[in-house]
């Protein structure tokens, strides 16, 4: 059984659809990338799966159950962690307060801090520092740690490496790969460093204008001579 599945998903903002019949799936423990040019609908897809945006038609299934009408906190309780690209931490709270807020549903939230600090040691050093004063990479680590504190079965990452320095990006990618090796499935939106991420993923979906233009193995995509043009949203001869 698939851990996550979308079937003919249509979603968007207000009455304007951005996604047009999107069907994808993620198996338990799998790491899957979602690629596409800017405006292709990647973030809209993630927000809809996480129940931040409404389902206009189609279905979102998690662990075989429809979650299309659930609230975000309900899918979080079911084991879905979501790290949006922006606004993913409380800037006025300390690192530790952010983690405790993320774990408020757990009876042993304070005990879970230890695991978060083991995974991201820099957060322990910064635990009394306000989130808004962290570097870009540290903020992404904090946002990821917050999403992991309830032990999700699936972690959705909406371009966590955007705007980060190369070394910071490499460190964060290694950290995410380690999380996947622990058994957490990952659905990863990629806008920057696509080759670095795809080498770590088994499969990928390529979105174009709100539809799945291509579903393939990462190896096939990386070996495609038109990959760079596809990723940048250009067509040959355009």
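The values are calculated or read from the model by the stated rules, or taken from the named source; none is laboratory data. Because the structure is predicted, anything quoted here is derived from the model rather than measured. Cβ placement follows ideal geometry from the backbone for every residue including glycine, while neighbour counts extend to all protein chains displayed.
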- prompt: Somewhere in the stretch 23-37, is a residue outside any strand (DSSP E or B), modelled with pLDDT under 95 and at negative phi?
  reply: yes
- line: Only unsatisfied item for residue 149, checking (1) surrounded by fewer than 22 Cβ atoms within 10 Å (Cβ to Cβ); (2) within 15 Å of residue 184 (Cβ to Cβ), is (1)
task: Would you be able to tell me the number of residues in the stretch 53-77 that are without any contact (Cβ under 8 Å) to a residue 24 or more places away in the chain and either assigned to a loop (DSSP other than H, G, I, E, B) or surrounded by 16 or more Cβ atoms within 10 Å (Cβ to Cβ) (or both)?
output: 5
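Starting from residues that are surrounded by 13 or more Cβ atoms within 10 Å (Cβ to Cβ) and more than 17 Å from residue 191 (Cβ to Cβ), keep the ones in the stretch 215-228 and report whichever is farthest from the chain's Cα centre (by Cα). Don't jump to the end; show me each part of the working.
Looking only at the stretch 215-228, we keep the residues that are surrounded by 13 or more Cβ atoms within 10 Å (Cβ to Cβ), and these are 215-219, 221-222, 224, 227.
Cutting the leftovers down to more than 17 Å from residue 191 (Cβ to Cβ) gives us 215-217, 219, 224.
Details: 215: 18, 216: 19, 217: 19, 219: 21, 224: 25 Å.
Ranking the qualifying residues of the stretch 215-228, first place goes to 224.
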- request: For residue 90, work out the one condition from (1) buried (at least 18 other Cβ atoms within 10 Å of the Cβ); (2) closer than 20 Å to residue 155 by Cα it doesn't fulfil.
  value: (1)
- request: Give the residue that is farthest from residue 27 (Cα to Cα), with candidates limited to residues of the stretch 79-110 that are under 20 Å from the mean Cα position of the chain (by Cα) and assigned to a strand (DSSP E or B).
  value: 83
